[in-house]
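Below you'll find the structure, written out as structure tokens, and then a few comments.
What follows draws every value from the coordinates through simple rules; no lab data is involved. Please read these numbers as outputs of a predicted model, since none were measured by experiment. All Cβ positions, glycine included, derive from the backbone under ideal geometry; neighbour counts span all protein chains shown.
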Amino acid sequence: MGENDGHHPRVGLVNAADIGLPDVPGVELPTVDEHYYTLDDDDAGECRGIYQRELDESYVDNHIDSMRILLPDLWSNIDDQTLYLTYSNGLAYEVQLGHIDFHGGAMASRYHKSGGLIFPTDEHGSQYLLNATNTPNLVAIKEHVHEEWAKVQHQRLEIAEIVYSFAQVMSKYSSLDASPADVIQPGGSWTE
């Protein structure tokens, strides 16, 4: 139940003072410590701990301002293409679309900071965990790209079918009045 399977919202702690709720006399609520994580910080060259707020500020799945991807030819795999992301703070990140996993997995317990962005990693810090559990926004972007790519592929196939049909019709009717001397043979030579 602790994992986000894509069907349940992720929730965090709310501070009553942050949302303007008044104190209730005689009621003392228990406090909960803010989440604390291990961060391998390449930018600072150190391993240190961070709290949830620092994680949220630079997390690869947060504050995405725009995305761009170059569409390949009709027969290429869209997952082999590079997804270009820009963030509201001006940072940028490039990732191969196929490295974002549609499926969930365990919540990251360790994080890696590089280029100003914080990434979820496995417990050893050796592999990014870009999946539905840790990066639902990246997964939503990948889903959107796949949907749009399917539309583009369908349109391109329709155009290819129309062009092929037109070429067949033109070749059939254009050769009716042609003399053998007017027809080009394979290899570019004229027949006589």
So if I take the centroid of the Cα atoms in segment 28-69 and the same for segment 87-127, what is the distance between those two points in Å? 11 Å
Along segment 140-149, Karplus-curve 3J(HN,Hα) (6.51, -1.76, 1.60; θ = phi - 60°) to the nearest Hz, with x for Gly and Pro, reads 5, 5, 4, 4, 4, 4, 4, 5, 5, 5
Potential extension, S109-V27 segment - 0.36 nm per residue separation minus Cα distance: 26.1 nm
In nm, to one decimal, how far is the modelled label at S174 from the one at S76, with both set 7 Å along Cα→Cβ? 3.0 nm
Selection from G90, F102, H35 lying farthest towards where the dipole of segment 34-152 points positive, charges on Cβ: F102
Reachable lysines from K142, Cα under 24 Å, same-chain residues fewer than 8 places away excluded? K113, K151
Got a sec? How would V169, V145, V27 order by Cβ neighbour count within 10 Å, fewest to most? V27, V169, V145
When only Cα pairs under 8 Å and 6 or more residues apart are kept, what is the percent relative contact order across segment 34-152? 23 percent
Most exposed first, judged by fewest Cβ atoms within 10 angstrom, T135, T121 run T121, T135
Averaged over all directions, how much area does the convex hull of the C-alpha atoms of segment 34-152 cover when projected, in nm²? 7.5 nm²
Would you mind computing, in nm to one decimal, how far apart the modelled labels at T86 and A160 are, each placed 7 Å from Cα along Cα→Cβ? 3.3 nm
